[in-house]
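A.B. asks: Dropping the structure in here first, questions after.
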Amino acid sequence: MSLNDSPTRYGSLTRLLHWSMALLLVWQFLSALSHYAFEDTAFETFFWPTHKPLGLVLMVLLVIRLGWALINLARRPPSLSLAAKWGHLSLYGLLFIIPALALLRQYGSGRAFNPFGIELMAGFQGDKITWMIEPANLLHGVLGWVLLVMIIGHVGMALLHRKQPGQLNVLPRMWGKG
Ligand code: HEM
Ligand code: HEM
């Protein structure tokens, strides 16, 4: 299988990024759910501490994925419709903005952030930086749940296209032999 995308199918690196992020996002939403609905339970104790470090990993993977998508822009499979095109672009946009806002808030809070033992933010004494904190307070959680709804829609559409007569089955572009 080719590393690069082609007009009929996504290549191995695009597929690896798509499916590894899909799996990690399942974990990320379990951790969000644990915080939202299961405070002070073993479920939260297990999942919630992974939320920030995994969110950072997702952000790094997304940046790699966007770079790779740009490199392959001219040769990847064409969008099925304008709705699919904008749907995919919105998924990318949310996958960027959600962790970006949270990381900005993390910095502005003045608290140290040492994911996987790496000192990414040393923290500082003194007042929190309000303009860095407020956007995430307002939007991080809400946009996170919007992303979940859009992912459910995305999976639904991918499966629906398979079933409907006259529609192109796009699954083989991303899974199995294209
Ligand atoms: C869990 C999180 C998921 C996210 C964030 C996600 C995101 C995306 C994005 C952004 C694209 C567009 C790729 C591009 O052209 O640049 C895409 C394509 C695709 N995804 Fe997903 N996806 C997820 C899960 C799934 C699942 C579970 C399925 C299987 C049912 C799936 C099936 C597909 C297919 C078939 C394509 C190719 C669509 C086409 O070329 O028209 N995705 N996905
Ligand atoms: C793609 C990555 C991410 C997704 C999908 C995501 C999703 C979510 C969701 C849905 C919630 C709401 C949970 C609730 O309502 O209780 C949430 C909360 C939270 N997230 Fe994330 N998150 C991501 C990355 C991050 C990162 C990188 C950080 C920190 C560095 C972070 C820190 C937090 C914190 C502190 C909360 C609780 C406060 C709040 O609701 O804003 N998240 N996240």
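A.B. asks: Against the conditions (1) more than 13 Å from the chain's Cα centre (by Cα); (2) within 12 Å of ligand 1 (Cβ to nearest atom); (3) touching a residue at least 24 places away in the same chain (Cβ under 8 Å), where does residue 53 fall short? Just the number, please.
C.D. replies: Failing condition for residue 53: (2).
A.B. asks: Here's another thing I want to ask about it. Step by step: first the residues of segment 113-132, then only those that are open to solvent by less than 70 Å² (accessible area, probe 1.4 Å) and not aliphatic (A, V, I, L, M), then the one that is nearest to ligand 1 (Cβ to nearest atom). Which residue is that?
C.D. replies: Top of the filtered list is 115.
A.B. asks: Let me ask you something else. For segment 154-168, give me the residue count where each residue is under 24 Å from the mean Cα position of the chain (by Cα) and either over 24 Å from residue 25 (Cα atoms) or within 16 Å of ligand 2 (Cβ to nearest atom) (or both).
C.D. replies: Adding up the residues that qualify gives 2.
A.B. asks: Kindly establish whether residue 46 is under 15 Å from residue 147 (Cβ atoms), at pLDDT 95 or above and open to solvent by 20 Å² or more (accessible area, probe 1.4 Å).
C.D. replies: no
A.B. asks: Here's something else I'd like to know. What single numbered condition from (1) surrounded by 15 or more Cβ atoms within 10 Å (Cβ to Cβ); (2) at pLDDT 95 or above; (3) assigned to a helix (DSSP H, G or I) fails to hold for residue 110?
C.D. replies: In the conditions (1) surrounded by 15 or more Cβ atoms within 10 Å (Cβ to Cβ); (2) at pLDDT 95 or above; (3) assigned to a helix (DSSP H, G or I), residue 110 misses (3) alone.
A.B. asks: Looking at 82, 138, 70, 101 in this structure, which one is open to solvent by less than 80 Å² (accessible area, probe 1.4 Å) and out of contact with any Asp or Glu (no Cβ under 7 Å at 6 or more places or on another chain)?
C.D. replies: 101
A.B. asks: Of all residues in segment 134-178, count the ones that are within 13 Å of ligand 1 (Cβ to nearest atom) and assigned to a helix (DSSP H, G or I).
C.D. replies: 23
A.B. asks: Could you check segment 141-152 and list, in sequence order, the residues that are surrounded by 13 or more Cβ atoms within 10 Å (Cβ to Cβ) and within 19 Å of residue 84 (Cα to Cα)?
C.D. replies: 146, 147, 148, 150, 151
The values are calculated or read from the model by the stated rules, or taken from the named source; none is laboratory data. Quick caveat, the model's predicted, so the values are computed rather than measured. For neighbour counting, all protein chains shown are included, and Cβ atoms are generated from backbone atoms with ideal geometry for every residue, glycine included. Remember, those area values only see protein heavy atoms, side chains included, never the ligands or the DNA or RNA. Shrake-Rupley method; radii C 1.70, N 1.55, O 1.52, S 1.80 Å.
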